[in-house]
Structure formats: C-alpha cells, structure tokens
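The values are calculated or read from the model by the stated rules, or taken from the named source; none is laboratory data. Keep in mind the model is a prediction, meaning the values are calculated, not measured. All Cβ positions, glycine included, derive from the backbone under ideal geometry; neighbour counts span all protein chains shown. Surface areas here come from the heavy atoms of the whole protein model, side chains and all, with no ligands, DNA or RNA. Shrake-Rupley method; radii C 1.70, N 1.55, O 1.52, S 1.80 Å.
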Amino acid sequence: MPLSIPRRRFLIGLTATGLAARWPQAFAGRDEAPITRSIPSTGEALPVIGMGTWRTFNVGTDPELLDQRAEILELFFQRGGRVVDASPMYGSAEEAVGELIERLDRRDDLFAATKVWTRDETETREAVARSEALWGVARFDLMQIHNLLGWEGHLATLKEMKAAGRLRYIGVTTSHGRRHDELERIMTREPLDFVQLTYNIADREAEERLLPLARERGIAVIANRPFQGGQLFDRVGSQPLPAWAGEVGAESWAGFFLKFIVSHPAMTCAIPATTQVAHMRENMGALYGRLPDETQRQRMIDHVQGL
Amino acid sequence: MDYALGDFLMFTPEVYLRLFERTNDALGSWLWAVVAVLLAVPVLLYQPLSWGRRLVPVVMAAGWGLTAALFMMRFYAPINWPVGPFGWVFALQAGLLMLIALRAPPARVGLIALAGWGVVLLVLSWVTVHETGTWRSVALPGVTPDMTAAATAVLAMAWPRRWRWGLLVIPLLWCAFSALVHWALGLWWLLAVPVAGLCMVLTALAWPDRQR
C-alpha cells in the first residue's frame, strides 16, 4: 500500500531534515553552538568531537552492518561532527567510510583525515592516491603518518604535496603512549599542522611535555583512545555520575571523559569510535555545553582515581 | 599504557560473528547439500569398499577449497588481512588432500572415529549458534575454517601416522591462529572450537596406527 503523506507535512518534514543537517545546534535540544577549536596553523575552526573508525567501521561488505554504520555517521553529522579519522591499517574502514559518505551525501560536511601506513618511504603518493579512491575525495583535509612508520621519507613527500595544494594539513600519529621521545623531536623540528596521540583521563603522560610543546609550536592535537579502549567504562561500571557532573557539562560517562579531554587548552579534537547509535548520541553530547576549568579537571581526575 | 592482544585486531566480535551467517546465506539451499555430504562421510568410511573410502579425501579437499574461497577470501580476508594468505594455504591443503586421494584411501574406521565425527558435527557446529542466538550461523565442516580443521583432524586418524603429519600441519597452524583471534575478541564459548581442533590434531598425531 502506498504511504500517504499530506504534501504540506511532507514539505515541513523535508525542510526540518535539511535544517537539522545544516544547523545542528538548533536540533540538538540546546540553544548553544557546538564547541570548536581553531587549527593553529590557519585559524580554521573544528568541532572538538570527531569520530574514529578503528575496529568500528571495518565491516567488510556486510550490507546489514553498513546500514547500521550509516545511521551512526548520519547522527554524527546531524549533531555537528566533521572530523572523521581512519587508516589503511583498519581493514575495510576507509572503503566503508567512502561508501557511506557518498550514500549520505555528506562530502561537504566532512573533514577527511586518514594516514599513510607503509614502511616503503617512496610509496607515499601511491598510498595517498589509494586512500583518496577509497574515500572518494579529491584531496584529504589531513594526512598523517601512522605511528611514525617511515616518517622521514613520508613527511618529506607530504610537505611537497601540501605545498602543491594536494593536501590541506599534515601530521603524525602515535598511540598507547609509545615513542613520545621521538614524537617530541619531530614536533620540535618539523612544520606539522597536527599530531595525534593517546590522551584520556587515565593516560595523561602527554600533559608533561607534548601538549605544552604543541601549544608552543602551534600544532593542533587530536586525542585517540579517549575511553582507553573502553577500559574507562569497565572502571566506572554501573556507578552513577557524580552529583556535580552537570557543573562540568557532562550528562553521561562518555561526556564526562570527553569533556575532560577537550577542556585541555592544547587539545583540538577527540575522536571516540563506536558501533552504537546511542553511544554516538552520548559522544556528541560532549560537543555542547560548558567545559570544566582547571580546578574542576583536577576534581574529575581525583574522582576517577578514587573509583 | 601498553598493547593488548586485542589492539592488533581491527574488527569487533559483532563483525566476526556475522561472517558465519553471511557465509551460510551465500550458500543458500546448497547448505543442505553440504549437510548431506557430511552425513555421507561416516557411511563411506564405514563401508568395506576402497573406492568409496577414496571419495572421502576428495570430499575433504572440496571442503577446504570451499572454505578458502567463500568464508576466508570473500568474507573474512577483507576485515582481517592475515586471513588472505591463509586462504591460499587452505587451497594448498585441498591440493594435498587430492594427492592423498590418488595415493591411498583411508582405512575403514571403527566406532571411536565415528563417534568423534559425531561430536565434531553435532556439538562444535552449534557453538556459534549458542553465541549468536540464530541457527543461521551454524558452523559446518567444509564451510567454516575451524570446523574444517577439526573434522580433518578426526578423519586423519584413518590414515597411517606417517601421512598424518603432512595432513595436519595446516590445521594445527590454523587452529592456533584462530584460538588467538577468539581469545583477543573475548569470544570465550567460540574459543572452544579451535581449542577442540588443536586437541583433536594432537590426538590424531599421537594415535597409534590401525592394524590393517
């Protein structure tokens, strides 16, 4: 039976959908704008909550799971997200993101960030071209060197590509707190736009040298593993949020952990990954509302350490 | 901060468990043909005619080939890159079984081996069903890799010991790899399948030759 919708209601619905897509704060149930941070090298503003794809978007060609991930991605954009981060290391994640971005027609809203992941330092351009084809983008907003693998050769080529307008921003990544000394040397010497490193309320080693250095050198910072690979949720278990969570702008544990990360003055963006629509909703809640100040951040640390 | 085994896996348990359902869906009604062939294997092994028993390694080779092409290469390799090379190794095992089919039929087997076959088929096949809650994810030998390796270990006992080493190196390697994957994914029930496969391989390697 054909579905009968009055023309007027259909047009109102269509308009609302379009508005929700373009002005997410109006449909976020709040009247404030998304929290953004500027990329130091250009001043371009980015929403502080992005989306990672490690493990979560490697779904192969499974049509059922691709449909479900499309829901997650659509909600991410509706709530004002822009930065999507992937890597060739993540199996079919780049392919899935490319297919879904096209399906959702969200190319204009996307800040596309991926990585070069090959030991062969002469293969940078081919690696970038492969990722461009998978994502279906003409050029990446951000190209990073995955876990510093072959970074010297890759970085030289990425700098050339950026100078030629083939890339907008370049950076390097680490995870799990590995190779921080080497990362520090690279940050000191090289003209990077971004670094990506592990930072969360339980893993705060980056606060000692890397985050101050990023501020000093004008380098944007992306935080990976914001929930410590899910361990932070295991740690809090079924315990309720502290009564004062509203004072730091947190409505869920996900929001609590993310607000802690993005309230660090050196931080540009955190990239939580999820396979659940409900979790994406919680993550994107951290894009709005107040941020904790320094005293409140210490209170948050003390609370989590006491659990 | 340090790496855990799970950090080296790029997919979630949800995606992995879907592989079983998707493989069975891709086979469609051919799945019933697989079931019929599996039921025929113990009958072939029990009957006294050598030509009938010679069909068994041919059936096993077809199972390794089907597992390589469908489960491994088409569905699993895109989410877990080491599985791509393993797919070719599975094809190699199929070739090895065809060679054995030409050289020597398996011995006629007794009730112990048939009971082993029954355990493989009836118990281990349903572990994925227990994990997912749907019978559509049933894991059959000749279709899914752990079950194919475990079933091969049981059937290998029908050959002399000197042949078994050649037959069981690949199942041994696969079961070890698969056990690590299940461990890293935290799929504790499903971990029983490759662990059972490893036990069956080791038992088959130690099992004495039958008196012909």
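Which percent, to the nearest 5, of DSSP beta bridges fully inside the protein assembly as shown are antiparallel? Provide the component values of the computation, followed by the final result.
Numbers: 3 of 28 bridges.
If I count the DSSP bridges inside the protein assembly as shown, around 10 percent turn out antiparallel.
Starting from a Cα-only point model with no solvent, please compute log10 I(q)/I(0) by Debye for the range A:138-236 at q = 0.15, 0.18, 0.22, 0.23 1/Å. Evaluating at q = 0.15, 0.18, 0.22, 0.23 Å⁻¹ gives log10 I(q)/I(0) of -0.60, -0.82, -1.11, -1.18. Comparing A:Trp253, A:Trp135, A:Trp244 in a Gaussian network model of chain A where C-alpha atoms under 10 Å apart are linked, the largest mean-square fluctuation is found at A:Trp244. Of all complete DSSP H helices in chain B, those with a Cα span along the helix axis of 20 Å or greater and a mean Kyte-Doolittle hydropathy of -1.0 or more are B:13-27, B:30-46, B:50-66, B:83-103, B:161-185, B:188-206. Mean residue ellipticity, 222 nm, helices only, chain A: the sum of -39500 (n - 2.57) across DSSP H runs of n ≥ 4, divided by residue count and rounded to 500, is -12500 deg cm²/dmol. Could you tell me whether the range B:110-171 comes out rounded, prolate or oblate from its Cα gyration tensor? Rule is a ≥ b ≥ c as square roots of the eigenvalues, rounded for a/c under 1.5, then prolate if a/b exceeds b/c, otherwise oblate. It is oblate, given that a/c is not under 1.5 and a/b is not larger than b/c. Given a 10 angstrom Cα cut-off, can you work out which residue in A:Glu251, A:Glu95, A:Glu216 is the most mobile in a GNM of chain A? In this elastic network of chain A, the residue with the biggest mean-square fluctuation among A:Glu251, A:Glu95, A:Glu216 is A:Glu216.
Residue ranges A:219-228, A:138-147 sort as A:219-228, A:138-147 when ordered by packing (mean number of other C-beta atoms within 10 Å per residue, highest first).
Relative contact order for chain A: 19 percent, from Cα pairs under 8 Å spaced at least 6 residues apart, divided by residue count.
Sort largest first and round to whole Å: the equivalent ellipsoid semi-axes of the range B:5-206, each the square root of five times a Cα gyration tensor eigenvalue. Numbers along the way, then the final one.
Values: eigenvalues 143, 59, 50 Å².
Over the Cα atoms of the range B:5-206, the ellipsoid semi-axes are 27, 17, 16 Å.
Taking each residue of B:15-21 in turn, how many C-beta atoms of other protein chains fall within 10 Å of its C-beta, and what is the average?
Values: counts 11, 0, 0, 5, 2, 0, 2.
The shielding value for this peptide is 3.
Counting only heavy atoms of the protein chains and using a 1.4 Å probe, B:Met60 has close to 20 Å² of accessible surface. Each of B:Phe71, A:Gly289, B:Tyr16 was scored by the projection of its Cα onto the charge dipole of the protein assembly as shown, and the greatest displacement toward the positive side belongs to B:Phe71; charges sit on the C-beta of Lys, Arg, Asp and Glu. Under 20 Å from a label point set 7 Å out along the Cα-to-Cβ vector of B:Ala26, the amide N atoms of the range B:40-66 belong to B:60-66. Partners of A:Lys115 within straight-line reach, counting lysines whose Cα lies under 18 Å from its Cα and excluding those fewer than 8 residues away in the same chain: A:Lys159, A:Lys162.
Normalise the Cα radius of gyration of the range A:38-305 by 2.2 N^0.38 Å (N = residues in it) and let me know the number. The partial results should precede the final answer.
Numbers: Rg = 17.8 Å, N = 268, 2.2 N^0.38 = 18.4 Å.
So the range A:38-305 has a normalised radius of gyration of 0.97.
If you average 1/r across every pair of different Cα atoms in the protein assembly as shown and take the reciprocal, what Kirkwood value do you get, in Å? Provide the component values of the computation, followed by the final result.
Working: mean 1/r = 0.0390 Å⁻¹.
For the protein assembly as shown, inverting the mean 1/r across all distinct Cα pairs yields 25.7 Å.
Taking 0.36 nm per residue of separation and subtracting the Cα-Cα distance, full extension of the segment from B:Ala62 to B:Leu122 would add 19.5 nm. Projecting the Cα atoms of A:Leu197, A:Gly237, A:Phe76 onto the charge dipole of chain A, computed from C-beta unit charges around the Cα centre, puts A:Phe76 farthest toward the positive end.
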